[in-house]
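Undergrad: Pasting in a structure now, in structure tokens, and then I'll have a few things to ask.
Here, each number is a calculation from the coordinates, and none is a lab measurement. Please read all numbers here as calculations on a predicted model, not as lab measurements. Positions of Cβ are backbone-derived with ideal geometry, glycine not excepted, and every protein chain shown enters the neighbour counts.
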Amino acid sequence: MSWLAGLGRDALDPGYAEAARRRHGTTRTRGRAIAVSWVVVAMVLAGLAVGVAVRSNQINEPSAARARAGMLADVDRAQQRAVALEATASSLADQIRVRQQELGAGGALQSVADLQAEAAMTPVQGPGLRVLIDRADGSNVILDRDVQLLVNGLWVAGAEAVTVGGVRLRATSAIRQAGGTILVDNKPTFWPITIDAIGPLNSMHVAFAETSGYGRFAGFAANYGITFEVSDVASLSLPAAPALDWRYAEPGTGTATASAPATGPTR
Amino acid sequence: MYAFIAVVVGIVAGLILSPTIPDWMAPYLPIAVIAALDALFGGARAWLEKIFDAKVFVVSFIANVLVAAFIVFLGDQLGVGAQLSTAVVVVLGIRIFANVAAIRRWVFKA
């Protein structure tokens, strides 16, 4: 690495030594004023470069930081707005239900209430299973499709209402993943994730233990050291799912006919 | 003395005027500044060692800035701009450090 050592030794431009040697023999030919003015010009340029660079750096740096802070604030605001809108939608749905009950809860309105309950739009309570899952030391062993399989196992075992990380599942709910975070209906959940399922206590626990989701998580617990605990709870109370936000679908008129092609959800 | 005043004038002018840097120039400016600093400290050391030469200083100053910017430009075209910037900064940084050390030895005799 001699060149690296030489870099420090010959730091001064060799041109100076050479010029000094050349000058040694002859007398000074150049006018001193010209030389000084050249140096002054170069110095002003150098100072200008330094000043401009420092200034532009000062200007750019805060703007990047500002943009970042602004984006974070935007995200915060959007999340708060989503929460507020959801609360408004749920309370409006509650008002509708109250008005319907005032009008007399029989007949068609009763069936509306039943449908709302089936669509997970009302809070429910009852006995059920509580499943606690947690990844081991921040590793990404548990993926969204694992949680999907686990929840499907709970439905298979007879669950009537399920929450994942406190978010009630409804017909259109999606369990997805963004990095190491599980999103339920686009709401981030935090490890450890609690999954509550209301259903027939004894038979559900047994049936759930036979599902492939249970088997997969039991394997994860044995091989990767994740947390996977299933416990019976005498009384769970699950919140209502956020109101359905239909933007394109409208209720059709009349009854659905059998001639309509049966298209299930595609995956 | 003139040189010192000139540098201060330049820095103050740059800070006050704060001209907008064209986008294409932005990656090369810091490297050019490092090269300019290298020439500055080299000139200062030569001056202290009584071998300062105005022509050598001006030529080395302009050439250093242009070559440093050109190396980074070349690196950008080849996709190794960031690495070459680092290389230029390392090499010039070592030189600046050595020159400042020589100035320090000269000034403090230590």
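Undergrad: What's the FRET efficiency of A:Ala136 with A:Ala5 using the Cβ-Cβ distance as r and R₀ = 45 Å, to the nearest 0.05? Numbers along the way, then the final one.
TA: Details: r = 50 Å, r/R0 = 1.11.
The formula returns an efficiency of 0.35 here.
Undergrad: Which value, in debye to the nearest 20, describes the size of the charge dipole of segment B:23-108 about its Cα centre when Lys and Arg Cβ atoms bear +1, Asp and Glu Cβ atoms bear -1, and nothing else is charged? Before the final figure, lay out each step's value.
TA: Values: 6 positive and 5 negative charges, 89 e Å.
The calculation lands at about 420 debye.
Undergrad: Tell me, what is the percent relative contact order of segment A:105-194, built from C-alpha pairs under 8 Å that lie six or more residues apart? All intermediate terms of the calculation are to be shown ahead of the outcome.
TA: Numbers: 79 pairs, mean separation 27.3, N = 90.
Relative CO of segment A:105-194 lands at 30 percent.
Undergrad: Please find the FRET efficiency linking A:Thr88 to A:Val54, where r is the Cβ-Cβ separation and R0 is fixed at 45 Å, and quote it to the nearest 0.05. Present the calculation step by step, with values, prior to reporting the outcome.
TA: Details: r = 51 Å, r/R0 = 1.13.
For R0 = 45 Å, the calculated efficiency reads 0.35.
Undergrad: Something else now. Of A:Gly252, A:Gly47, A:Gly215, which is the most mobile in a GNM of chain A whose springs link Cα atoms less than 10 angstrom apart?
TA: A:Gly252
Undergrad: A further question follows. For chain A, with a Gaussian network of springs between Cα atoms less than 10 Å apart, report the residue from A:Asp13, A:Asp137, A:Asp76 with the top mean-square fluctuation.
TA: Checking each option, the largest mean-square fluctuation is seen for A:Asp13.
Undergrad: Summing Lys, Arg as +1 and Asp, Glu as -1, what charge do residues with Cβ under 11 Å from the Cβ of A:Asp146 carry, A:Asp146 excluded?
TA: +2
Undergrad: Run the quick spin-label model on A:Leu115 and B:Met25: label points 7 Å from Cα toward the beta carbon, then report their separation in nm to one decimal.
TA: With each label point 7 Å from Cα toward Cβ, the separation is 6.9 nm.
Undergrad: Quick check: net charge around A:Ala161, other residues with Cβ under 9 Å of its Cβ, Lys/Arg +1 and Asp/Glu -1?
TA: Details: positive: A:Arg168; negative: A:Glu160, A:Asp196.
Value of the local net charge: -1.
Undergrad: Can you work out the FRET efficiency for the pair A:Val75 and B:Val80, with r the C-beta to C-beta distance and R0 = 41 Å, to the nearest 0.05?
TA: Working: r = 35 Å, r/R0 = 0.86.
The computed FRET efficiency comes out at 0.70.
Undergrad: In degrees from 0 to 90, rounded to the nearest 10, what is the angle of the helix B:81-108 Cα long axis to the longest principal axis of chain B?
TA: Computed tilt is about 10 degrees.
Undergrad: While we're here: In debye, nearest 20: dipole of the protein assembly as shown around its Cα centre with unit charges on the Cβ of K, R (+) and D, E (-)?
TA: Values: 31 positive and 28 negative charges, 589 e Å.
The dipole of the protein assembly as shown has a size of about 2820 debye.
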